[in-house]
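Q: Have a look at the structure that comes next, please.
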Amino acid sequence: MKNLLTDISGVRVGHADDAALASGVTAVIFDKPAVASIDVRGGGPGTREATVLDLQSTVEAIDGIALSGGSALGLDAAGGVQAWLAEQGRGLRVRGAVIPIVPGAICFDLLNGGNKAWGRFPPYRDLGYAAAGAAAENFALGSAGAGLGATTANFKGGLGSASSQTEGGVKVAALAVVNAVGSVTVGDGPWFWAAPFEIGGEFGGRGLPPSFDPDMLRARLKGGPEATSAENTTLAVVVTDALLTKPQAKRLAMIAQTGMARAIYPVHAPLDGDVVFAAATGEKPIDPLFGLTELGMVAANVLARAIARGVHSATALPFPGALPAWKDRFG
């Protein structure tokens, strides 16, 4: 396993970004429609087609997911992913029409120093199209795609991914765009909150501090007292090769949200727009009670690891006053 979302067969990921813009898009493409749902915990989310993923909605499966910077202006990215899928003949067929189903979510990266004077129309639709076209089994972590402009309270944010499997061999993987109002590290030190779940030194192998002092537990908030609900979000996609119904995918998304709580401090705040998409490719049947519970447990661990890897892999933006990357401080 590559420790990536694409360890799930039939899933590909692509990035498109602009260094001058300091923003970008990440597209998750399913080779076949995947049953999916969503769980939203943050107080300031920005989503597209989220209601399609509600349990009462008719559509069960999706063709892709678009994650973007740009705040609400980045919601156009899903249209670019749709355009690429339509060219491949992919989508929901309604007599002679083909409609690709592509939910999306955005994070706020408009104040990170990049040039956002893009003119009449924001570039995110074109970036979405390019990201879909670039989708492959291998993809970059850190400051790439939707993670290019991401930040946290004290270090550069980024895009991370991780994977694992249950004892019965059901795979689950996560991808996260970490643009949180809080911190992914314990205080300003090298330790990640997700350290107990780390595998093989994947985000530095520093463990937890030998003891905790009050300063480590105080709230570190991006923007301090001036932080707003529009500025922050962690976006996550959790995918499994299990055979799930739409309600089971919803439950998987809900349990996986626990991974955010293990990796970000504080989390699910009024200042965040935290979102988890969960999708299932339907290859392996599981027990609906114990099996789904175990799958959710592993998914939460995997999501925590993906969040830490996103910050660990990030590189600082080349602008005055930009936040340092974790590796700038701790190698």
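The values are calculated or read from the model by the stated rules, or taken from the named source; none is laboratory data. Treat the numbers as computed from the prediction; the structure is a model and nothing was measured. Ideal geometry is used to build each Cβ from the backbone, glycine not excepted, and the neighbour counts take in all protein chains shown. These area figures cover heavy atoms from the full protein model, side chains too; ligands, DNA and RNA do not enter into them. Shrake-Rupley method; radii C 1.70, N 1.55, O 1.52, S 1.80 Å.
Q: Considering only the range 271-297, state which residues are more than 15 Å from residue 249 (Cβ to Cβ), in contact with a Ser or Thr (Cβ under 8 Å, 6 or more places away or on another chain) and either surrounded by fewer than 24 Cβ atoms within 10 Å (Cβ to Cβ) or of a type in the set (S, T, N, Q) (or both).
A: 271, 294
Q: I've got another one for you. Tell me yes or no: at least one residue of the range 299-320 is among the aliphatic types (A, V, I, L, M) and free of Cβ contacts under 8 Å to residues at least 24 places away in the same chain.
A: Checked the range 299-320: no residue is among the aliphatic types (A, V, I, L, M) and free of Cβ contacts under 8 Å to residues at least 24 places away in the same chain.
Q: Give all pairs with beta carbons closer than 8 Å in which a residue from the range 247-268 that is modelled with pLDDT of 95 or more meets a residue that is among the acidic types (Asp, Glu) and assigned to a strand (DSSP E or B); count only pairs at least 6 apart in sequence or on separate chains.
A: Here the result reads 250/39; 253/39; 254/39; 256/39; 257/39, each pair linking the range 247-268 to a residue that is among the acidic types (Asp, Glu) and assigned to a strand (DSSP E or B).
Q: Sticking with this one: Suppose we filter 77, 72, 105, 86 for residues that are assigned to a helix (DSSP H, G or I) and open to solvent by less than 10 Å² (accessible area, probe 1.4 Å); which single one remains?
A: The unique qualifying residue is 77.
Q: Return only the number of the condition from (1) without any contact (Cβ under 8 Å) to a residue 40 or more places away in the chain; (2) buried (at least 19 other Cβ atoms within 10 Å of the Cβ) that residue 112 does not satisfy.
A: (1)
Q: Could you check how many residues of the range 305-331 are closer than 22 Å to residue 113 by Cβ, surrounded by fewer than 16 Cβ atoms within 10 Å (Cβ to Cβ) and either in contact with a Cys (Cβ under 9 Å, 6 or more places away or on another chain) or aromatic (Phe, Trp, Tyr) (or both)?
A: Within the range 305-331, residues that are closer than 22 Å to residue 113 by Cβ, surrounded by fewer than 16 Cβ atoms within 10 Å (Cβ to Cβ) and either in contact with a Cys (Cβ under 9 Å, 6 or more places away or on another chain) or aromatic (Phe, Trp, Tyr) (or both) number 1.
Q: Residue 225 fails exactly one of the following numbered conditions: (1) assigned to a loop (DSSP other than H, G, I, E, B); (2) modelled with pLDDT under 95. What is the number of that condition?
A: The number of the failed condition is (1).
Q: Which ones in the range 1-57 are of a type outside the set (Gly, Ala, Ser) and assigned to a loop (DSSP other than H, G, I, E, B)?
A: Within the range 1-57, 1, 2, 3, 4, 8, 21, 41, 45, 49, 54, 55, 56 meet the criteria.
Q: For the range 259-316, which residues satisfy the criterion of being out of contact with any Pro (no Cβ under 7 Å at 6 or more places or on another chain) and among the β-branched types (Val, Ile, Thr)?
A: Correct list: 264, 267, 276, 281, 286, 293, 298, 302, 307, 311, 315.
Q: Condition (residue is surrounded by fewer than 24 Cβ atoms within 10 Å (Cβ to Cβ), more than 22 Å from residue 145 (Cα to Cα) and hydrophobic (A, V, I, L, M, F, W, C)) applied to the range 15-31: is it met by at least one residue?
A: no
Q: Would you call residue 76 modelled with pLDDT of 95 or more, farther than 21 Å from residue 149 by Cα, charged (D, E, K, R) and touching a Lys or Arg at 6+ places or on another chain (Cβ under 8 Å)?
A: No.
Q: So, one more: Taking the conditions exactly as written (crowded, with 18+ Cβ neighbours inside 10 Å and assigned to a strand (DSSP E or B)), does residue 62 satisfy them or not?
A: Yes.
Q: Of all the helices (runs of 4 or more DSSP H) wholly in the range 231-331, which have at least 1 residues that are under 24 Å from residue 56 (Cα atoms)?
A: Once the helices (runs of 4 or more DSSP H) in the range 231-331 are filtered for at least 1 residues that are under 24 Å from residue 56 (Cα atoms), what remains is 246-263, 290-312.
Q: Could you figure out which of (1) out of contact with any helix residue (DSSP H, G or I) (no Cβ under 7 Å at 6 or more places or on another chain); (2) open to solvent by 40 Å² or more (accessible area, probe 1.4 Å); (3) under 30 Å from residue 266 (Cα atoms) isn't true of residue 41?
A: (1)
Q: Is there a residue in the range 202-214 that is at pLDDT 95 or above and under 18 Å from the mean Cα position of the chain (by Cα)?
A: Within the range 202-214, one or more residues are at pLDDT 95 or above and under 18 Å from the mean Cα position of the chain (by Cα).
Q: Taking the range 142-182 as the search range and keeping residues that are surrounded by 24 or more Cβ atoms within 10 Å (Cβ to Cβ) and touching a Lys or Arg at 6+ places or on another chain (Cβ under 6 Å), which one is farthest from residue 64 (Cα to Cα)?
A: 153
Q: Starting from the range 19-45, keep only residues that are more than 17 Å from residue 252 (Cβ to Cβ), then list their pairs with residues that are among the aromatic types (Phe, Trp, Tyr) whose Cβ atoms are within a distance under 7 Å, requiring at least 6 positions of separation or different chains.
A: These pairs meet every condition: 25/124.
Q: Right, here's the next one. So which pairs qualify, if the first residue must be in the range 177-190 and of a type in the set (Asp, Glu), the second must be part of a loop (DSSP other than H, G, I, E, B), the Cβ gap must be under 9 Å, and the two must be at least 6 apart or on different chains?
A: Short answer, once both residue conditions are applied: 188/154; 188/155; 188/220.
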